[in-house]
Amino acid sequence: MGLAKRIIPCLDVDNGRVVKGVNFVGIRDAGDPVEVAKRYNEQGADEITFLDITATHEGRDTTVHTVEQIASEVFIPLTVGGGIRTIEDIRIMLNAGADKVSINSAAVHNPDFVREASERFGAQCIVVAIDAKRVSEEGEEPRWEIFTHGGRKPTGIDAVAWAKKMADYGAGEILLTSMDRDGTKNGFDLGVTRAISDAVPVPVIASGGVGNLQHLVDGVKAGRADAVLAASIFHFGEHSVPQAKQFMQDQGVEVRL
Amino acid sequence: MSDNRIAVIDYGMGNLHSVASALEHVGPNAEVVITSDAEVIKAADRVIFPGVGAIRDCMAEIRRLNFDQLMPEVIASGKPVLGICVGMQALMNRSAENGGVDCIGQLDGEVKFFGNELRGTDGELLKVPHMGWNQVVQTSDHPLWKGIEDGSRFYFVHSYYVSAANPKEVVGRCDYGLPFDVALSHNNLFAVQFHPEKSHTSGLQLLKNFVEWDGKA
């Protein structure tokens, strides 16, 4: 008996629609974000993460409205990420009903933004998203670096050191995505998940690569993640949240059923 | 005008819309207002005292708005009052956060830090904040537990925990490396460490019970 490991369905939202790139080719439409969020809420998801990948300003207004709608109907924690760059961006999302915001590139460009945000709104609502990519060769001591711009731009920053720094600066949680695994369905990068989870005092959400339910168990057991995030296995009906939870419980993982 | 007006006290710390929309969801006939107006709060039929963030900032705003005077008055009036998260902590005597901060003192006890060496049953180091869904043991019956199974999970996010001085006031406990008090009751006052507005069906049931509660334990 104790704290349950969390299952977090993730909604990648572009111009008001849930989308998911499959194996980096093409974008599949997965529906209206409010309907999708309600469905996961009814299924017993522990939280919902909403990542706004909309590029335009007009689209951003749609996002705020969508977050408001979700928050008024879904009574579990809601994290909103994507394009959070200023204190004002955070304020708008929290006021729209988000419980946490996820900061990614803006933290890399200006780490003090995380400190400022945490002091202003409290560490409990500041998630730092880390996109990590393995940079070591086969046979070398494994090493991962932070990438920005959807995994295209290297920064030269060591991922484990960065995660520690972000926790130090006031991140209440780390959302770790493996850019090597994202979209592959080959499972989490357990090496970087374990390395970061062991290195930071705050909870770590594993993300990127979930293709089956065993991957979720592996993320928690071998990767020592506190929560696991997945998108496509849930969006397209391959698995439901209750199935995932039952499977995890059968493998000895404590979950909220 | 509704005969069930619920004031959600706003002292500028955090987003209160979640609490308000959850109350509207479970109490369609209730009138929910987010307010920092003392007269509106005093005139309400029920009061929610929420809070997020650091206790020093919360107490500074509470004092600036004279809510440290208002809360004892509101509680003494006998109307149902629900403290949530840092709202609960602010109702205790004192918190160890931010180097030690005196609080409102409507419930006897202290707020303590989980620490950096918190360990689970297998000796593993536990993450702080305590974030996520944990089981709440109902240590005594209470109208606000109606329809909620003992041991149900609620959503928590906090690094400091309440240690009540009076065991009679404890109605719910939880365990995270150590046992601690997560629901306190004193007459018409109920206070919880978890977030009922984020705790799905169990949380909504607790809020529904509060909306219908006559304030008698």
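Return a yes/no flag: does segment B:124-136 have any residue that is modelled with pLDDT of 95 or more and over 30 Å from A:I205 (Cα atoms). No. Which one of these does A:G150 not meet: (1) farther than 23 Å from A:G83 by Cβ; (2) part of a loop (DSSP other than H, G, I, E, B)? With respect to (1) farther than 23 Å from A:G83 by Cβ; (2) part of a loop (DSSP other than H, G, I, E, B), A:G150 is out only on (1). If you filter segment A:117-147 down to residues that are closer than 14 Å to A:S102 by Cα and of a type in the set (S, T, N, Q), you find that the one that is most open to solvent (accessible area, probe 1.4 Å) is A:Q124. Scanning segment A:90-115 for residues that are within 14 Å of chain B (Cβ to nearest Cβ) and part of a helix (DSSP H, G or I) yields A:I90, A:R91, A:I92, A:M93, A:L94, A:N95, A:A96, A:R115.
A count restricted to segment A:203-221 and to residues that are small (G, A, S) and within 14 Å of chain B (Cβ to nearest Cβ) stands at 1.
Residues that are open to solvent by less than 50 Å² (accessible area, probe 1.4 Å) and at positive phi within segment B:164-217 comprise B:G177, B:H200, B:G215, listed in sequence order. As a summary of the residue check, B:V32 satisfies the conditions (1) open to solvent by less than 60 Å² (accessible area, probe 1.4 Å); (2) assigned to a strand (DSSP E or B); (3) more than 14 Å from every other protein chain (Cβ to nearest Cβ) except for the one numbered (3). Within segment B:99-109, one or more residues are at pLDDT below 95, closer than 23 Å to B:G51 by Cα and more than 13 Å from chain A (Cβ to nearest Cβ).
Yes or no: segment B:162-178 includes at least one residue that is in contact with a Gly (Cβ under 9 Å, 6 or more places away or on another chain) and facing chain A (nearest Cβ under 8 Å). Yes: one or more hits. Against the list (1) closer than 26 Å to A:K100 by Cα; (2) open to solvent by less than 20 Å² (accessible area, probe 1.4 Å); (3) touching a residue at least 60 places away in the same chain (Cβ under 8 Å), the condition B:F156 fails is (3). Can you name the residue in segment B:50-89 that is of a type in the set (A, V, I, L, M) and without any contact (Cβ under 8 Å) to a residue 12 or more places away in the chain and is also surrounded by the fewest Cβ atoms within 10 Å (Cβ to Cβ) among such residues? Only one residue fits best here, namely B:A76.
Against the definition (among the β-branched types (V, I, T), within 25 Å of B:L125 (Cα to Cα), surrounded by 17 or more Cβ atoms within 10 Å (Cβ to Cβ) and within 14 Å of another protein chain (Cβ to nearest Cβ)), how does A:V200 come out, yes or no?
Yes.
Do the conditions hold for B:E24, that is, is it closer than 24 Å to B:N209 by Cα, of a type in the set (D, E) and without any contact (Cβ under 8 Å) to a residue 12 or more places away in the chain? Yes, satisfied. If you filter segment B:132-153 down to residues that are open to solvent by 40 Å² or more (accessible area, probe 1.4 Å) and touching a residue at least 60 places away in the same chain (Cβ under 8 Å), you find that the one that is nearest to the other protein chains (Cβ to nearest Cβ) is B:G147. A count restricted to segment A:169-211 and to residues that are of a type in the set (D, E) and under 12 Å from the mean Cα position of the chain (by Cα) stands at 2. For segment A:164-257, the helices (runs of 4 or more DSSP H) that sit wholly inside it and include 2 or more residues that are of a type outside the set (K, R) and farther than 25 Å from A:I103 by Cβ are A:213-221, A:241-250. Consider segment A:66-76 and keep the residues that are within 9 Å of chain B (Cβ to nearest Cβ) and not aliphatic (A, V, I, L, M). The one that is least open to solvent (accessible area, probe 1.4 Å) is A:F75. Among the residues of segment A:77-89, just one is buried (at least 24 other Cβ atoms within 10 Å of the Cβ) and either in contact with a Pro (Cβ under 6 Å, 6 or more places away or on another chain) or over 17 Å from A:D12 (Cβ atoms) (or both), namely A:P77. Scanning segment B:110-131 for residues that are of a type in the set (D, E, K, R) and either under 15 Å from the mean Cα position of the chain (by Cα) or within 11 Å of chain A (Cβ to nearest Cβ) (or both) turns up B:E110, B:E117, B:D122, B:E124, B:K127. Just one of the listed residues (A:G187, A:G237) is open to solvent by 10 Å² or more (accessible area, probe 1.4 Å), without any contact (Cβ under 8 Å) to a residue 40 or more places away in the chain, away from chain B (no Cβ under 14 Å) and at positive phi, and it is A:G237.
Look at B:R56 and say whether it is in contact with a helix residue (DSSP H, G or I) (Cβ under 9 Å, 6 or more places away or on another chain) and among the basic types (K, R). Yes, satisfied.
Just to be sure before I move on: is B:I84 in contact with a Gly (Cβ under 9 Å, 6 or more places away or on another chain) and within 14 Å of another protein chain (Cβ to nearest Cβ) in the structure I sent? Yes, satisfied.
The values are calculated or read from the model by the stated rules, or taken from the named source; none is laboratory data. Because the structure is a prediction, the values reported are computed rather than measured. Here the Cβ is made from the backbone with ideal geometry for all residues, glycine too, and neighbour counts use every protein chain on show. When the accessible area is computed, the model is the full protein with side chains, heavy atoms only, and any ligands, DNA or RNA have been set aside. Shrake-Rupley method; radii C 1.70, N 1.55, O 1.52, S 1.80 Å.
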